[in-house]
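To start, the structure itself, in C-alpha cells.
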Amino acid sequence: MNILIILSFLAIIVGIILRFMDEAPLLDVNIIIIGSISLFVGLFIIDTPTAMDVYRGKTTLEIIYKDGVPVDSVVVFKDYKK
C-alpha cells in the first residue's frame, strides 16, 4: 500500500478524534481536509499506468471496436490472478 494513502488515513482519523474531543476546532478541520485531499491524490496516482509500466510489460492495450472499426483504446494493467 502506498505510504501516502496510509498517512492520509491516519491524518483523517486524527482529525476526527480531535473533532470529537473539541480540541482546537480549526486544526482538526484542516487535518481532515489535508488528509482527504492527499488520499484522493494518492489513490489517483496509484492506479495510473506510467511509461515504465508499459516498458516493463505490466500493461496491455484494450481497444474498443464499433462495427469492426477501432474507435478508442486505453492502457490498463494486466490481470495477474493465479
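The values are calculated or read from the model by the stated rules, or taken from the named source; none is laboratory data. Note that this is a predicted model, so its numbers are computed, not measured. Neighbour counts run over all protein chains shown; Cβ positions are idealised from the backbone, glycine included.
Tabulated values for the structure
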item	result
Qualifying residue in the range 60-76 (condition: in contact with a Lys or Arg (Cβ under 9 Å, 6 or more places away or on another chain) and at pLDDT 85 or above)	yes
Filter result for Leu43 (farther than 28 Å from Val74 by Cα and modelled with pLDDT under 75)	no
Output for the range 50-75, where each listed residue is part of a helix (DSSP H, G or I) and either in contact (Cβ under 8 Å) with a residue 60 or more places away in the chain or closer than 28 Å to Leu7 by Cβ (or both)	Ala51, Met52, Asp53
Neighbours by Cβ (under 8 Å, 6+ apart or cross-chain): first from the range 31-49, under 12 Å from Leu7 (Cα atoms); second at pLDDT below 75 and among the basic types (Lys, Arg)	Ile32/Arg19
